[in-house]
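Trainee: Can you read through this structure? Questions will come right after.
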Amino acid sequence: MEIKNESDKKSIESVVANLKEGQPDPAIVEAMLDKIIGRQPLKICVAEKLLSVLKSEGMSDDVFVAILKKIYLSDWDEELDEYDIDGCDFMDALSEVIANNVKSKKLLCRLSEDKELIISSSERIPEALAMNKNTSADALIRLSKWEFTDFDREKDFWVELASNDSNVPEYLLLESIAEHGYVDVIGPALENPRLTGDMLHKIVIDKKCEWLLSGYSYNILDNPNVRADTLALLLEDESPEFIADRLVKHKNTDEVLLRKITAMSPDTRVKRAIAGNPKTPADILNRLLQDDDGGVREAAEGNLNLSTDR
C-alpha cells in the first residue's frame, strides 16, 4: 500500500530521518511513532520504513526497543498480516534484524529480559537471539528457562541454541541433548565445537547403543574435538562400513585406528582414504601399493610416509 497523502509521506520521511540520525529521548520517539502510526492499524509502508530504521547503525538501545515494541504491540492492517517475501512474513523480517543486525551485547541481553517483547513477538525473539553470535552466555541461559507456550517456537529456539558455537555454555548443549532431544536439536549439539572431547566421549559411552543406529555417529564425526578413542568406539557400530571412510578422514584419527580399519578389509573407497592419510604407517602403504585398484596405488605412492626401502 502506497502513501497517497503527500503530507503524510513527508511526515513519515521526516520521522524516519530523525530516528536514523539522532539519539532522541524514548518519550520523543514514542511521540514520533504516534505521529506516523496514530490509532490506525500499522500499514505495510510504515512498517517497512521502521524496519529500515532498525537496520541502521548508531541507534541507541532505547530507540531500538521503542520502535520494536511499537511494531509488535500495534494492530496490523490486513496487508501487513499477509506480508510475504520469499516465504518470510513480517515477524520473520523482524527476527532477522535481531539475529543479524544487532551487535550490542547489552541490547541483546535487554531483549532477553523483556517478557512483554518476547510475548508480543509470538515467542520468536528467543530463537532470533540464539541465532545471534553476540548474545551472551547469561542471556542464553535466561532464555533457556523461558516457559514456551508454542511447541514449534520452543523447538526452533533449541535448534538455534544447539547450533550456536560462540557463547552457549557446554551444560546447555548437554541439556539440549538430554531434555530437548528432537532430532533437529541433537545433531547440531553433537557437532558443536563447544562440546569438549571428554564430554563427547562420555556421551558416546552413555548413549552408544541408543544413538549410533539412529545416525548420530555422523554428527559426532563432524565435531573437530572428538578423541581418537571415541572414534574407535564409533567403529564398533554394527555397520562400520557406513562410517569407515569418515573415520579415516577425521583429523584426530590415529595410527591404531587406521590399523583396525585396514584389518577389516575395507572397500576401495576406504582404502583410497587410508592410502592418502598422512598418519598411515609405511608398512600399510607398502601393502596398498600392491592393491588391484589404481587409485589406491596412486594415493599410496604419493604418501610421504611411504618407505623408500621396499
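Trainee: For Leu173, all conditions in the list (1) surrounded by 21 or more Cβ atoms within 10 Å (Cβ to Cβ); (2) at pLDDT 95 or above hold save one; what is the number of the exception?
Mentor: Failed condition: (2).
Trainee: Just to be sure, is Ala178 of a type outside the set (Lys, Arg) and at pLDDT 90 or above?
Mentor: Values: of a type outside the set (Lys, Arg): yes; at pLDDT 90 or above: no.
Here the answer is no, as Ala178 does not meet what is asked.
Trainee: One residue is enough: does the range 118-131 have a residue meeting the conditions without any contact (Cβ under 8 Å) to a residue 12 or more places away in the chain and assigned to a helix (DSSP H, G or I)?
Mentor: Our first condition is that a residue be without any contact (Cβ under 8 Å) to a residue 12 or more places away in the chain; within the range 118-131, this holds for 119.
Filter again for assigned to a helix (DSSP H, G or I), leaving 119.
The answer is yes, given that some residue of the range 118-131 is without any contact (Cβ under 8 Å) to a residue 12 or more places away in the chain and assigned to a helix (DSSP H, G or I).
Trainee: Output the residue which, of all residues in the range 179-198 that are over 14 Å from the mean Cα position of the chain (by Cα) and more than 18 Å from Asp152 (Cα to Cα), is surrounded by the most Cβ atoms within 10 Å (Cβ to Cβ). I'd like the intermediate steps shown before the answer.
Mentor: First pass over the range 179-198, keeping only residues over 14 Å from the mean Cα position of the chain (by Cα): 179-183, 195-198.
Narrowing further to those that are more than 18 Å from Asp152 (Cα to Cα): 195-198.
Details: Leu195: 22, Thr196: 14, Gly197: 16, Asp198: 11.
Of everything passing the filter in the range 179-198, Leu195 is surrounded by the most Cβ atoms within 10 Å (Cβ to Cβ).
Trainee: Scan the range 35-55 residue by residue and report those that are modelled with pLDDT under 75 and not basic (Lys, Arg). Step through it out loud before you land on a result.
Mentor: Of the residues in the range 35-55, the ones modelled with pLDDT under 75 are 35-39.
Residues satisfying the conditions are Ile36, Ile37, Gly38.
Trainee: So, in the range 288-307, of the ones that are among the acidic types (Asp, Glu) and not in a helix (DSSP H, G or I), which residue ends up surrounded by the fewest Cβ atoms within 10 Å (Cβ to Cβ)? Explain how you work it out, then say what you get.
Mentor: Looking only at the range 288-307, we keep the residues that are among the acidic types (Asp, Glu), and these are 291-293, 298, 301.
So of that shortlist, the ones also not in a helix (DSSP H, G or I) come out as 291-293.
Working: Asp291: 17, Asp292: 8, Asp293: 15.
The residue in question is Asp292.
Trainee: While we're on this one: Those residues that are assigned to a helix (DSSP H, G or I), hydrophobic (A, V, I, L, M, F, W, C) and surrounded by fewer than 16 Cβ atoms within 10 Å (Cβ to Cβ), I need them from the range 244-280; list them, please.
Mentor: Here is the first cut: in the range 244-280, the ones assigned to a helix (DSSP H, G or I) are 244-249, 255-263, 268-276.
Checking which are hydrophobic (A, V, I, L, M, F, W, C) leaves us with 244, 247-248, 256-258, 261, 263, 270, 273-275.
Selection gives Val256, Ala263.
Trainee: Among residues belonging to the range 224-268 that are more than 22 Å from Thr196 (Cβ to Cβ) and among the small types (Gly, Ala, Ser), point out the one that is modelled with the lowest pLDDT.
Mentor: Filtering the range 224-268 for residues that are more than 22 Å from Thr196 (Cβ to Cβ) and among the small types (Gly, Ala, Ser), the one modelled with the lowest pLDDT comes out as Ser239.
Trainee: Determine whether Val102 is under 21 Å from Ala130 (Cα atoms), modelled with pLDDT of 85 or more, touching a helix residue (DSSP H, G or I) at 6+ places or on another chain (Cβ under 7 Å) and outside any helix (DSSP H, G or I).
Mentor: On the way: under 21 Å from Ala130 (Cα atoms): yes; modelled with pLDDT of 85 or more: yes; touching a helix residue (DSSP H, G or I) at 6+ places or on another chain (Cβ under 7 Å): yes; outside any helix (DSSP H, G or I): yes.
Spelling it out, Val102 is indeed under 21 Å from Ala130 (Cα atoms), modelled with pLDDT of 85 or more, touching a helix residue (DSSP H, G or I) at 6+ places or on another chain (Cβ under 7 Å) and outside any helix (DSSP H, G or I).
Trainee: Can you name the residue in the range 93-126 that is closer than 18 Å to Leu51 by Cβ and charged (D, E, K, R) and is also surrounded by the most Cβ atoms within 10 Å (Cβ to Cβ) among such residues?
Mentor: Top of the filtered list is Arg124.
Trainee: Right, another one. Could you list, in sequence order, all residues of the range 82-91 that are in contact with a strand residue (DSSP E or B) (Cβ under 9 Å, 6 or more places away or on another chain) and part of a helix (DSSP H, G or I)? Outline the logic, then answer.
Mentor: Keep residues of the range 82-91 that are in contact with a strand residue (DSSP E or B) (Cβ under 9 Å, 6 or more places away or on another chain), which gives 83, 90.
The answer is Phe90, and nothing else.
The values are calculated or read from the model by the stated rules, or taken from the named source; none is laboratory data. Quick caveat: nothing in here was measured; it's all calculated off a predicted structure. No Cβ is skipped: glycine too gets one built from the backbone with ideal geometry, and neighbour counts run over all protein chains shown.
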